[in-house]
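Written out below as structure tokens is the structure these notes cover.
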Amino acid sequence: MRTKVEVYFSRAIALLKCCNKYIIKGKVRKWKKWDMRQADLISGIVLLFFGVILLFFIIPSQIEIDEDVLLSPRLMPNLCAIIIIVLSTVLVAANVKPSTKPSEDQSEPPISLAEFKALFIMLAIIGTCLLLFFFAGALIASAVLIIGFMLVLGERRPLLLIVIPGSLLLGSYYLFYHLLGTAIK
């Protein structure tokens, strides 16, 4: 007798295998180099427009300037908006000029089955950690999230699997409880 979780996982894996066969057989439109360049160009223009609107209209209308503080409350949002504008300008500039590289055969799908599996596993880890957060607390959920992502990304050394989550969690504890004087609830 299989549990519901095993049934769901087997169905998801079967769906991923089916999608991979469907893409490889050529029933889905092949991605060409220009298709990705068009997508990058359009997303760069949209992000550029969003960054300009954010910098000049949304942030000034929503965040007031306080004269009594050393750093303005608008500093970090303005920095983020400027970074969005600069990076989207680079994205647009990189995709406006024609490609000088010879066209490649794009017979393989843009996302492989292994990437789909990794995405599905990471989403499952996030869902598990959300449940753990409510039932076991933030410390256990954070440790499971960090260790789970490290395992999915290929880290297998036991020392690093213990030291990295431990140092991140202890550093966060020290920052919030001792340096900032706040409590994580």
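In the range 136-154, how many residues are part of a loop (DSSP other than H, G, I, E, B) and under 17 Å from the mean Cα position of the chain (by Cα)? Steps first, please.
If we filter the range 136-154 for residues that are part of a loop (DSSP other than H, G, I, E, B), which is where we start, we get 136-137, 153-154.
With the extra rule that they be under 17 Å from the mean Cα position of the chain (by Cα), the set shrinks to 153.
Count: 1.
What residue, among those in the range 146-185 that are surrounded by 12 or more Cβ atoms within 10 Å (Cβ to Cβ) and hydroxyl-bearing (Ser, Thr, Tyr), is nearest to residue 123 (Cα to Cα)?
Going through the qualifying residues, I end up with 172.
From the list 72, 103, 167, which one is modelled with pLDDT of 95 or more and more than 21 Å from the chain's Cα centre (by Cα)?
Numbers: 72 fails: modelled with pLDDT of 95 or more; 103 fails: modelled with pLDDT of 95 or more.
On inspection, the qualifying residue turns out to be 167.
Would you say residue 123 is touching a residue at least 60 places away in the same chain (Cβ under 8 Å) and closer than 30 Å to residue 39 by Cβ?
No.
List the number of the failed condition for residue 77; all other conditions in (1) surrounded by 13 or more Cβ atoms within 10 Å (Cβ to Cβ); (2) within 30 Å of residue 37 (Cβ to Cβ); (3) at pLDDT 85 or above hold.
Every condition holds for residue 77 apart from (2).
The values are calculated or read from the model by the stated rules, or taken from the named source; none is laboratory data. Keep in mind that this is a model prediction, so the values were computed, not measured. Neighbour counts are summed over all protein chains in view; Cβ atoms, including those assigned to glycine, are modelled from backbone coordinates with ideal geometry.
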